[in-house]
Amino acid sequence: MTKIVETKSKWNVDFLEGLKRVKTNRVVLLYSSGIDSTATAILLKDRGYEIFPLFIRYGQSNGEVESNLVDKGATHLGLNKVQKVNISNLADLCQGKLMGGEAISDKDAWLPARNTLFLILGGIYAQTVDADAISIGYGIDDNFVFGDNMLVHHQLIGVLMSFSLAREMEVVLPIKNMNKAEVTNIVKSRGMLDMTVSCWNAKWQNDKIIVCNQCANCVERNVNLTMEG
Ligand SMILES: [Zn+2]
């Protein structure tokens, strides 16, 4: 007679527990102080979420500016303290002009699977703080630039993290139907424009932000601000 060996079943137990999980209305927001993540924070707040901002330092050229501004924005909106994680030795694996150099075009700003990585880090933090969801500032204008910033990509992350964590993990995208001008207007109308940075090459000097006025993000920001008057 064959002896029946007990099969490992931790995931099954976790999955059944996960089905009974009570929602907390908490969300982890990938927060960079850009226009998109700031508008996303505003809309999540309006929807009544308790927000856990996550700021990822990956060696970005404007990192000091972003790090200062996320603290200001979080205080202004009454979010939880910004959790900051430093993965700047990512440069050991891949390099790009976004990391320490000067980025001008979208092509310069490409870092392989950056948003994939960030969302997974968001999912790990969401598990720690018992959040229902992860959120990222993703709008209509983001489509067709990078594969890791497309609607289906973000939906797949929700499926992947739900499987990996054996519990439901939503990805909420409050600005997915909005263009940059609409998103800019939300931030502007709430008086948060000076708590945001768009420039990939921005530097923090004497408590002031110095932007390059040349990169694709600077150009886009200037166009949208002009359009809104
Ligand atoms: Zn710039």
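The values are calculated or read from the model by the stated rules, or taken from the named source; none is laboratory data. Model, not experiment: these values are computed from the prediction. Please note: Cβ atoms are built from the backbone with ideal geometry, for glycine as well, and neighbour counts cover all protein chains shown.
For MET169, indicate whether it is without any contact (Cβ under 8 Å) to a residue 12 or more places away in the chain, closer than 19 Å to LEU29 by Cα and either surrounded by 19 or more Cβ atoms within 10 Å (Cβ to Cβ) or within 14 Å of the chain's Cα centre (by Cα) (or both). Spelling it out, it is not the case that MET169 is without any contact (Cβ under 8 Å) to a residue 12 or more places away in the chain, closer than 19 Å to LEU29 by Cα and either surrounded by 19 or more Cβ atoms within 10 Å (Cβ to Cβ) or within 14 Å of the chain's Cα centre (by Cα) (or both). Is there any pair with a first residue in segment 6-19 that is within 18 Å of ALA131 (Cα to Cα) and a second that is of a type in the set (Gly, Ala, Ser) whose Cβ atoms are under 7 Å apart and which are 6 or more apart or on different chains, and what are they? From residues that are within 18 Å of ALA131 (Cα to Cα), the pairs are ASP14/ALA166; PHE15/ALA166; GLY18/ALA166. If you check VAL187 against the conditions, is it within 12 Å of ILE35 (Cβ to Cβ), touching a residue at least 40 places away in the same chain (Cβ under 8 Å) and surrounded by 16 or more Cβ atoms within 10 Å (Cβ to Cβ)? When the stated conditions are applied, VAL187 passes them.
Only one entry in LEU79, LEU54 is in a strand (DSSP E or B) and within 23 Å of ARG26 (Cβ to Cβ), namely LEU54. Within segment 203-228, residues that are without any contact (Cβ under 8 Å) to a residue 60 or more places away in the chain and closer than 18 Å to GLY63 by Cα sit with their Cβ atoms under 6 Å from residues that are β-branched (Val, Ile, Thr) and within 10 Å of the ligand (Cβ to nearest atom), at 6+ positions apart or across chains, in these pairs: CYS218/VAL211.
If the condition is being more than 9 Å from the ligand (Cβ to nearest atom) and surrounded by fewer than 16 Cβ atoms within 10 Å (Cβ to Cβ), then segment 194-219 contributes ASP194, LYS203, GLN205, ASN206, ASP207, LYS208, ILE210.
Residues that are surrounded by 17 or more Cβ atoms within 10 Å (Cβ to Cβ) and among the basic types (Lys, Arg) were ranked within segment 79-129; the one that is modelled with the highest pLDDT is ARG114.
Checking each residue in segment 60-77 for being crowded, with 21+ Cβ neighbours inside 10 Å and either among the acidic types (Asp, Glu) or over 19 Å from ILE209 (Cβ atoms) (or both) picks out only GLU66. Is at least one residue of segment 178-186 more than 16 Å from the ligand (Cβ to nearest atom), within 18 Å of the chain's Cα centre (by Cα) and over 22 Å from ASN68 (Cα atoms)? Scanning segment 178-186, I find at least one residue that is more than 16 Å from the ligand (Cβ to nearest atom), within 18 Å of the chain's Cα centre (by Cα) and over 22 Å from ASN68 (Cα atoms), so the answer is yes.
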